[in-house]
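Student: Could you have a look at this structure, given as structure tokens, before my questions?
Nothing in this text is a laboratory measurement; each read-out follows from the coordinates by a stated rule. Not measured: the values here are computed from a predicted model. Here the Cβ is made from the backbone with ideal geometry for all residues, glycine too, and neighbour counts use every protein chain on show.
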């Protein structure tokens, strides 16, 4: 150990960082089983067992929050993933190399925009007063739609904007998998007279199946992540019924309503489920795809 | 004359490239609309709203003038720059030693460190326990509350470690034979060979800090400390921009133009550096993904 003293010295600040900023919050999570009294602090507050978990499970919000959260994470997977795979296939098949590069650069860009910027872009498209889409609706003689505050439309705005933002970036993995397929397979298929579409169906898609399975499992492991940053910016009171997810609710209950114990209990519930899901996913991935997620 | 096979190939290429053109239009259209909205002169706006297309000589830069002459906007920009630079520096200072330690195969306790870190990656206790920690440390209204808690990302550490792993052991061993200690090996051998990954991870962190808006809302009550994304959110979601930007009926630009211009100005640093860093980002993501 003495041989590596410099490494230990160097890594000490980082380990201290982990102890303070990752493990003290873990310790603070005991609040989920306590009735928090600010004057008594985390340690001094009295134990109440699972009371706050029961409060949450029995509350009117429980099913709504779970439904909304699962809807958003599920729709991202079911709708977002096929779009990304199709774009990756198109990028792979084009023979105009410079054009491919250009499309890649353009479609990766939105990934780096924050959701606040996305909110601004959505306003310019969707606002009833001067948004582009409402301008089109008006010029066709229709009445403007308040997309961002309409419970009927809000969900699709969330899913659509997420697909617009992330599709390009998520092609990276699929494209890398496509490029690693041996060209000999395609040549052999061409000799056998396979059409373009047959080659995509019988070579390209099976070739990226491993990556697709891995990504799906990773997403399933994060199924309780409804997309806090996105919804925190986009949602508003009129669309709480369809836009409120576990994380946004925890924020409002915990930080705005000072229900520290209840919010901690819900956060812990989500954390534990998330941990179990990711461990199970990893296990399945190791068996199916031959390698884990981490 | 083209054979049937070549002709069907040509048709397929037309189809594929046509698809990609549609994708490009779908990406460009929303950004174009923001650009046009920001440049619409107030006279045009009151008469017909935002035109779909305007020639550059019809553009009005009044909204930009108004924002750039605004002390609150400049202060928010300065706060964002400070957060991005100091946050990135701190993150790199903490990430490099950890990645180096994890890539030193002979280090006693390496597995313990891996377990400790991986666990925090897999299990999150949630918002409130973190909030209580930061408030207990007295970091409210302190920029440290923004840069300290998210300083080290496990994902970035793993990507950096994978890169360090790729540096041949022989080079390091040769330096050790010459009497260099681990610190000197890191400083003289590993880091000079790792410039691409330092840039990549540095940019990952910088983008994160530049975009961060939730923790500033959570921990900074003092309006003077708010970074650009928070000001942008306030401008976008307030019923009247005059709450945040000097604005009245005699203003030279519409409130929509001001909103659009502030979106574009917040995006600008990203747009300027993006084409140069894009390649590094892609590589970084793939390194993280192919790690066993």
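Student: Return the FRET efficiency for the residue pair residue B:86, residue A:201: r is the Cβ-Cβ distance, R0 is 51 Å, and the value is rounded to the nearest 0.05. Walk me through the numbers on the way to the answer.
Tutor: Numbers: r = 52 Å, r/R0 = 1.02.
Given R0 = 51 Å and the Cβ-Cβ separation, E is 0.45.
Student: In square nanometres and to one decimal, what's the mean projected area of the convex hull around the Cα atoms of chain B?
Tutor: Values: hull surface 98.8 nm².
Here the figure is 24.7 nm², rounded to one decimal.
Student: Okay, next question. In deg cm²/dmol and to the nearest 500, what is the mean residue ellipticity at 222 nm of chain A if only DSSP H runs of at least 4 residues count, each as -39500 (n - 2.57), divided by the residue total? Please list the in-between numbers first.
Tutor: Details: 17 runs with 197 residues, N = 294.
Calculated from helices alone, the mean residue ellipticity at 222 nm is -20500 deg cm²/dmol.
Student: Over segment A:167-285, consider all pairs of different Cα atoms and compute the Kirkwood hydrodynamic radius from their mean reciprocal separation; express it in Å, one decimal.
Tutor: Working: mean 1/r = 0.0561 Å⁻¹.
That comes to 17.8 Å for segment A:167-285.
Student: I've got another one for you. If Rh is defined by the Kirkwood formula over all Cα pairs and Rg also comes from Cα, what ratio Rg/Rh do you get for segment B:65-155? Spell out each step's value before the answer.
Tutor: Numbers: Rg = 17.8 Å, Rh = 15.9 Å.
Ratio of gyration radius to Kirkwood radius: 1.12.
Student: Give me the distance in nm between label points sitting 7 Å out from Cα along the Cα-to-Cβ direction at residue A:252 and residue A:185, one decimal.
Tutor: Each label point is offset 7 Å from its Cα along the Cβ direction, giving 4.9 nm.
Student: So what does the Cα-only Debye profile of the protein assembly as shown read at q = 0.10 Å⁻¹, as log10 I(q)/I(0), no solvent term?
Tutor: One equal scatterer on each Cα of the protein assembly as shown leads to -1.01.
Student: So, one more: Mind pulling the per residue volume of the convex hull built on the Cα atoms of segment A:127-234? Å³ is fine.
Tutor: Convex hull of Cα atoms, per residue: 161 Å³.
Student: Then there is this: On a 0 to 90° scale, report how tilted helix B:127-136 is relative to the longest principal axis of chain B, with both axes built from alpha carbons and the result rounded to the nearest 10.
Tutor: 80 degrees
Student: Here is a further query. Highest GNM mean-square fluctuation, chain A, Cα pairs closer than 10 Å: which of A:13, A:82, A:183?
Tutor: A:13
Student: Is segment A:129-188 best put as rounded, prolate or oblate by its Cα gyration tensor, with a ≥ b ≥ c the root eigenvalues, rounded for a/c under 1.5, and otherwise prolate when a/b is larger than b/c, oblate when not?
Tutor: prolate
Student: Hey, another quick one. Quick one: length gained pulling residue A:63 to residue A:286 fully straight, 0.36 nm per residue minus the C-alpha distance? Numbers along the way, then the final one.
Tutor: On the way: separation 223, 0.36 × 223 = 80.28 nm, distance 3.26 nm.
The residue A:63-residue A:286 span can extend by a further 77.0 nm.
Student: Using per-residue counts of other Cβ atoms within 10 Å, averaged over each peptide, order A:196-207, A:85-96 from highest down.
Tutor: A:85-96, A:196-207
Student: R0 = 60 Å: FRET efficiency of residue A:83 with residue A:2, Cβ-based, nearest 0.05?
Tutor: 0.60
Student: How would you classify segment B:1-107 from its alpha-carbon gyration tensor, with a ≥ b ≥ c the square roots of the eigenvalues: rounded for a/c under 1.5, else prolate if a/b is greater than b/c, otherwise oblate?
Tutor: oblate
Student: Averaged across orientations, what area in nm² does the convex hull of the alpha carbons in segment B:79-222 project?
Tutor: Mean projected area of the Cα convex hull: 9.6 nm².
Student: Could I ask something else about it? Rounded to the nearest 0.05, what FRET efficiency do residue A:106 and residue B:116 give with R0 = 35 Å and r taken as the Cβ-Cβ distance? Could you check?
Tutor: Between residue A:106 and residue B:116 the formula returns 0.30.
Student: Relative contact order for segment A:58-289: what is it in percent, counting Cα pairs under 8 Å that are at least 6 residues apart? Walk me through the numbers before you get to the answer.
Tutor: Working: 221 pairs, mean separation 66.3, N = 232.
Reported relative contact order: 29 percent.
Student: What number, rounded to the nearest 500 deg cm²/dmol, is the helix-based mean residue ellipticity at 222 nm of chain B, given -39500 (n - 2.57) per DSSP H run of at least four residues and division by all its residues? Let's see the in-between values first.
Tutor: Numbers: 13 runs with 200 residues, N = 292.
The per-residue figure over chain B is -22500 deg cm²/dmol.
Student: For chain B, set up a GNM with springs between Cα atoms under 10 Å and report which of B:68, B:29, B:94 has the largest fluctuation.
Tutor: Comparing B:68, B:29, B:94 in the GNM, the peak value goes to B:29.
Student: How do the peptides A:38-44, B:113-119, B:258-264 rank, highest first, by the average count of neighbouring beta carbon atoms within 10 Å per residue?
Tutor: Ranking, from highest mean packing down: B:258-264, B:113-119, A:38-44.
Student: So, one more: Helix B:255-290 sits at what angle to the longest principal axis of chain B, using alpha carbons and giving 0 to 90 degrees rounded to 10?
Tutor: Around 30 degrees separate the two axes.
Student: May I pose another question? Using a 10 Å cut-off around each Cβ, can you sort B:80, A:180 from fewest to most neighbouring Cβ atoms? Each step should come with its number before you reach the end.
Tutor: Numbers: B:80 24, A:180 11.
The order, fewest Cβ neighbours first, is A:180, B:80.
Student: Compute a Gaussian network model of chain B, connecting alpha carbons closer than 10 Å, and tell me which residue from B:60, B:254, B:237 fluctuates the most.
Tutor: B:237
Student: Follow-up question, since we're still on this one. Taking the beta-carbon count within 10 Å as an exposure proxy, list B:171, A:159 from fewest neighbours to most.
Tutor: B:171, A:159
Student: In addition: Bin width 10 Å, origin at 0, all Cα-Cα pairs of segment A:44-99: what percent of pairs per bin?
Tutor: Answer for segment A:44-99: a P(r) of 18, 22, 19, 15, 12, 9, 3 percent.
Student: State whether segment A:58-289 is rounded, prolate or oblate according to the following rule on the C-alpha gyration tensor (a ≥ b ≥ c being the square roots of its eigenvalues): a/c under 1.5 gives rounded; otherwise a/b larger than b/c gives prolate, and the remaining case gives oblate.
Tutor: In terms of gyration-tensor shape, oblate.
Student: For segment A:191-240 and segment A:33-88, write down the distance between their C-alpha centroids in whole Å.
Tutor: Taking the Cα centre of segment A:33-88 as reference, the centre of segment A:191-240 is 23 Å away.
Student: Same structure, new question: How far apart, in nm, are the 7 Å Cα→Cβ label points at residue B:237 and residue B:276?
Tutor: 3.4 nm
Student: Could I ask something else about it? How many nm separate the modelled label positions at residue B:28 and residue B:65, each set 7 Å beyond the Cα in the direction of the Cβ?
Tutor: 3.0 nm
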